[in-house]
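The values are calculated or read from the model by the stated rules, or taken from the named source; none is laboratory data. Please read these numbers as outputs of a predicted model, since none were measured by experiment. Here the Cβ positions follow ideal geometry from the backbone for every residue, glycine too, while neighbour counts run over all protein chains shown. Heavy atoms of the whole protein, side chains included, go into the accessibility calculation; ligands, DNA and RNA do not. Shrake-Rupley method; radii C 1.70, N 1.55, O 1.52, S 1.80 Å.
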Amino acid sequence: MVASSISVRTQKLNLWYGTFQALFDVDLEIKQGIITSLIGPSGCGKSTLLRCMNRINERLGYVRTEGRVDIDGQNIYAEEIELAQLRKQVGMVFQRPNPLPISIRDNVLFGTRIHTPKADKLSKEQEEEVLEGALREVLLWDNVKDRLDDTATRLSLEEQQKLCIARLLPLKPSVILMDEPCSALDPKATEAVEELIWQMRGTYTIVLVTHNMAQARRASDECVFMLMGKMIEHTETADLFVTPKDSRTADYIEGRYG
Amino acid sequence: MFTATSLNERNDQVQRRFRLLFLVMTLLLVLPVLIILTLLVVRGAPAISLEFLLAYPKSGMTAGGIFPALLGTIFLVAMALLFSVPLGIAAAIYLSEYAPDNWLTRIINLAIINLAGVPSIVHALFGVGAFVIFFGFGTSILAASLTLAIMTLPVVIVATRESLQAVPQAFREACWALGATKWQTIRRIVLPNSISGILTGVILEVSRTAGETAPIMFTGAAFFLPFLPESVYDQTMALSLHLFVVATQVPDVPDHLPYGVALVLVGIVLIMNATSIGFRTYLRGKKKW
Ligand SMILES: Nc1ncnc2c1ncn2[C@@H]1O[C@H](COP(=O)(O)OP(=O)(O)O)[C@@H](O)[C@H]1O
Ligand SMILES: [Mg+2]
C-alpha cells in the first residue's frame with residue numbers, strides 16, 4: 001500500500017469544554033486513503049478529536065479550540081473557511097444510526113439537494129443515477145431498490161447505518177469520520193458494516209473511532225491510542241497490538257483500563 | 001414454597017387500600033366536570049335551536065338568539081390567533097433552535113413562563129393602556145383581539161417549543177454534519193416533523209381564549225349591539241360577555257337562556273379541543289420514528 005500523502009493533520013490541538021480541557025496538544029497525521037482507528041478508554045477524547053475534524057463541536061457555545069487542523073492541506077479553523085463546504089468534504093457517521101425521518105431516496109439525495117442552487121437542480125434521471133450509485137456503493141441497492149419511497153427510519157439498524165454512509169457519498173467527500181459506527185449493531189450487522197468500511201478503503205480517508213480493540217485490529221491500517229486527552233501512540237495497527245512502544249498502550253491492549 | 005406469609009398479606013392489604021384511595025381521588029376529579037356538563041345540557045338544551053344561533057337578541061336580551069355574540073367570539077379568537085400564532089411560532093423557533101444558552105435566553109424563557117401566569121384582568125388593563133389608548137384603536141375588535149393575542153402568546157410559545165424539542169437532536173446533527181445551515185435543517189426536517197404537533201398544541205392551548213371575558217370587556221366587547229360590526233375598529237358582542245350580562249345584569253331573563261349561551265360557549269371550546277386531539281392522535285399514528 002502506497003499511502004503517503006497526509007489527509008488530516010492536527011498541530012498542537014487543544015480543546016476545552018468550558019473550563020474542562022478535553023484535548024492536550026494533539027499532533028496527528030492521518031494518511032490519505034487508509035483506515036485509521038482511534039482507540040482508548042471511554043472518555044479519553046476520541047469523539048472530541050473526531051468532532052474537531054468537521055468542526056461540529058462548535059455548535060456547543062462553550063467549546064474553545066486552539067491549534068490547527070489541516071484537511072487536504074487547508075487549515076479548517078482559518079477565518080475564511082465555509083462550514084458548509086468543509087462538511088461536504090468531510091462526512092460523518094454517528095454512533096447511533098440517524099437516518100432522517102424522510103424516504104430512503106430523500107435521505108440519499110438530501111446533501112445534493114441542499115448544496116445545489118435552485119437553477120442547477122438535478123433532473124429526475126440525474127437524481128436516480130446519483131441515488132443508485134450511492135446505494136450500490138454501500139451494498140444496499142438490491143435490498144431497497146423496490147422501496148425507495150419508504151421511510152428510512154423503518155429500515156433495520158444495519159441498513160440504516162449503511163444508508164447513513166450512503167448519504168455522504170453524493171457529496172464526494174475525501175474524508176469520512178466514523179464515531180463507533182457499529183456499537184449499536186449486533187455482531188452480524190457489525191461484520192457487514194465493517195466489511196463495507198473495508199471496501200471503501202482507498203477511495204476515502206477513513207477515521208474510525210472504536211472502543212472495540214478487536215475491531216480496530218481487524219478493520220484498520222493504522223491505529224492511534226489516546227489516553228486522557230493526549231495522543232500516546234500512533235503506528236501501524238499490526239505493530240501497535242504486537243509491539244506497543246508505550247507501556248500505557250500495552251496496559252490498555254492487555255485490558256488493564258477496561 | 002411460594003405461599004403468602006403474613007407480611008405479604010399485610011403488604012397486599014396496604015397496597016389495595018392505596019389503590020382505592022387513588023381511585024376515589026380520580027373519581028372526585030371527574031365528578032365536577034360531569035355535573036357541570038350534565039347541568040349545562042339539561043338546562044341549556046331547551047334553549048338551543050337554529051334560530052337561537054342565528055337570530056339577534058330581542059326584548060332587552062330576554063329572548064331571541066345570540067348570533068352577534070357567536071360571530072363576535074369567532075372573530076375575536078380567529079384574529080387573536082392570526083396575531084399570536086405566527087409571532088409565537090417564530091419566537092419559539094428562535095428560542096429553541098437559535099438562541100445561545102446564556103443568561104439572556106434564560107431570562108427570556110423565565111419571563112415567558114411567568115407571563116403565562118399573569119391574571120387576565122392584568123392583560124386587560126395592559127390592553128386598554130396600549131391598544132385602546134396609546135395606539136388609538138379605541139374599544140374595538142382590533143384592540144380586543146390584540147389583547148387576547150398578547151395573553152395567548154406565552155402558551156403558544158411554550159406549546160411550540162415543546163413540539164420542536166420533541167424532534168430528536170440526532171436529526172439536527174445529521175443535517176449539520178451534511179453541511180446544512182440551521183435554517184435548512186429547520187425548514188426541511190424540524191418543521192415538517194413538528195408543525196402538526198405545533199398546530200394541535202396551539203389550538204388546544206388557545207381554545208380557552210374563547211371563554212375569556214376580562215381581557216375583552218374593556219377593550220372591545222360590547223353589552224349589546226343591534227347590528228354587526230363593519231370593520232375591525234368597531235366593537236362587537238361576544239359570547240363570554242353576553243353570558244355574564246344575561247346571567248347577572250338583565251332582569252327577567254328566562255332560566256334556560258344563560259344556560260343555552262354557556263352550552264354554546266363550552267361547545268365551541270370542546271369542538272376545538274376534540275378536533276385538535278383527534279388530529280394529534282391521527283398524526284401520532286403516522287409518526288415516523
Ligand atoms: N458536550 C460536552 N460537554 C462537556 N464535556 C464533554 C462533552 N463531551 C465530552 N465531554 C468530556 O470530554 C471528555 C472526552 O469525551 P469524549 O470525546 O466523548 O470521549 P470518548 O469518545 O473517547 O469516550 C470526557 O471527559 C467527557 O466527559
Ligand atoms: Mg465517544
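Run down B:F83, B:F52 and say which single residue is open to solvent by 40 Å² or more (accessible area, probe 1.4 Å) and not β-branched (V, I, T). Walk me through it before giving the result.
Details: B:F52 fails: open to solvent by 40 Å² or more (accessible area, probe 1.4 Å).
Unique residue meeting the criteria: B:F83.
Taking the condition out of contact with any Cys (no Cβ under 6 Å at 6 or more places or on another chain), open to solvent by less than 50 Å² (accessible area, probe 1.4 Å) and of a type in the set (S, T, Y), does B:S96 pass? I'd like the intermediate steps shown before the answer.
Working: out of contact with any Cys (no Cβ under 6 Å at 6 or more places or on another chain): yes; open to solvent by less than 50 Å² (accessible area, probe 1.4 Å): yes; of a type in the set (S, T, Y): yes.
Yes.
Quick one: which residue in A:T36, A:T116 is among the polar types (S, T, N, Q) and crowded, with 19+ Cβ neighbours inside 10 Å?
Numbers: A:T116 fails: crowded, with 19+ Cβ neighbours inside 10 Å.
After ruling out the rest, the residue left standing is A:T36.
Under 6 Å by Cβ, and 6 or more places apart or on different chains, what pairs join a residue from the range A:43-57 that is over 19 Å from A:C223 (Cβ atoms) and within 14 Å of chain B (Cβ to nearest Cβ) with one that is near ligand 1 (Cβ under 10 Å from one of its atoms) and open to solvent by less than 10 Å² (accessible area, probe 1.4 Å)?
Matching pairs, first to second residue: A:R51/A:N57.
Is at least one residue of the range A:79-92 within 16 Å of ligand 1 (Cβ to nearest atom), within 19 Å of A:E137 (Cβ to Cβ) and open to solvent by less than 20 Å² (accessible area, probe 1.4 Å)?
As a first pass, look at the range A:79-92 and keep what is within 16 Å of ligand 1 (Cβ to nearest atom): A:92.
Okay, now just the ones that are also within 19 Å of A:E137 (Cβ to Cβ), so A:92.
Remaining after also requiring open to solvent by less than 20 Å² (accessible area, probe 1.4 Å): A:92.
Within the range A:79-92, one or more residues are within 16 Å of ligand 1 (Cβ to nearest atom), within 19 Å of A:E137 (Cβ to Cβ) and open to solvent by less than 20 Å² (accessible area, probe 1.4 Å).
Name the residues in the range A:39-76 that are surrounded by fewer than 22 Cβ atoms within 10 Å (Cβ to Cβ), over 22 Å from A:M200 (Cβ atoms) and within 16 Å of ligand 2 (Cβ to nearest atom), would you?
A:P41, A:S42, A:G43, A:T48, A:N57, A:L60, A:V63
Search the range A:234-251 for residues being open to solvent by 10 Å² or more (accessible area, probe 1.4 Å) and within 16 Å of ligand 1 (Cβ to nearest atom), and hand back the single one that is farthest from A:I176 (Cα to Cα). Before the answer, list the steps.
Just the residues of the range A:234-251 that are open to solvent by 10 Å² or more (accessible area, probe 1.4 Å), to begin with: A:234-236, A:238-239, A:241-248, A:250-251.
With the extra rule that they be within 16 Å of ligand 1 (Cβ to nearest atom), the set shrinks to A:234, A:248.
Values: A:H234: 19, A:R248: 28 Å.
Only one residue fits best here, namely A:R248.
For A:R96, indicate whether it is closer than 30 Å to A:C52 by Cα, at pLDDT 90 or above, assigned to a loop (DSSP other than H, G, I, E, B) and open to solvent by 40 Å² or more (accessible area, probe 1.4 Å). Quick ask: steps written out before the conclusion?
On the way: closer than 30 Å to A:C52 by Cα: yes; at pLDDT 90 or above: yes; assigned to a loop (DSSP other than H, G, I, E, B): yes; open to solvent by 40 Å² or more (accessible area, probe 1.4 Å): yes.
So A:R96 passes the test.
Condition check: assigned to a helix (DSSP H, G or I) and surrounded by 21 or more Cβ atoms within 10 Å (Cβ to Cβ). Does B:T219 satisfy that? Break it down into steps so the answer makes sense when it comes.
Details: assigned to a helix (DSSP H, G or I): no; surrounded by 21 or more Cβ atoms within 10 Å (Cβ to Cβ): yes.
The answer is no for B:T219.
Name every residue in the range A:58-93 that is assigned to a loop (DSSP other than H, G, I, E, B) and either under 20 Å from A:C164 (Cβ atoms) or more than 10 Å from chain B (Cβ to nearest Cβ) (or both), in order of residue number.
Start the filter on the range A:58-93 by keeping residues that are assigned to a loop (DSSP other than H, G, I, E, B), which leaves A:60-62, A:72-73, A:76-82.
Residues satisfying the conditions are A:D72, A:G73, A:I76, A:Y77, A:A78, A:E79, A:E80, A:I81.
For the range A:1-38, which residues satisfy the criterion of being within 15 Å of ligand 2 (Cβ to nearest atom) and hydroxyl-bearing (S, T, Y)?
A:Y17, A:S37
Of the conditions (1) open to solvent by less than 90 Å² (accessible area, probe 1.4 Å); (2) farther than 23 Å from B:V245 by Cα, B:F67 satisfies every one except a single condition; which number is it?
(2) is the only condition that B:F67 fails.
So if I check each of B:A116, B:A149, which one is crowded, with 18+ Cβ neighbours inside 10 Å, under 24 Å from B:A78 (Cβ atoms) and aliphatic (A, V, I, L, M)? Full working, then the answer.
Values: B:A116 fails: crowded, with 18+ Cβ neighbours inside 10 Å.
Step by step, each of B:A116, B:A149 is checked, and only B:A149 is crowded, with 18+ Cβ neighbours inside 10 Å, under 24 Å from B:A78 (Cβ atoms) and aliphatic (A, V, I, L, M).
Does B:G197 count as in contact (Cβ under 8 Å) with a residue 40 or more places away in the chain, assigned to a helix (DSSP H, G or I), buried (at least 17 other Cβ atoms within 10 Å of the Cβ) and within 14 Å of another protein chain (Cβ to nearest Cβ)?
Numbers: in contact (Cβ under 8 Å) with a residue 40 or more places away in the chain: yes; assigned to a helix (DSSP H, G or I): yes; buried (at least 17 other Cβ atoms within 10 Å of the Cβ): yes; within 14 Å of another protein chain (Cβ to nearest Cβ): yes.
Yes: the conditions hold for B:G197.
Residue check, B:R208 against (1) more than 26 Å from B:R43 (Cβ to Cβ); (2) open to solvent by 30 Å² or more (accessible area, probe 1.4 Å), all met but one. Which one?
Of everything listed in (1) more than 26 Å from B:R43 (Cβ to Cβ); (2) open to solvent by 30 Å² or more (accessible area, probe 1.4 Å), B:R208 misses just condition (1).
Which one of the conditions (1) within 13 Å of ligand 1 (Cβ to nearest atom); (2) surrounded by 18 or more Cβ atoms within 10 Å (Cβ to Cβ); (3) not in a strand (DSSP E or B) does A:V26 fail to meet, given that it meets all the rest?
(3)
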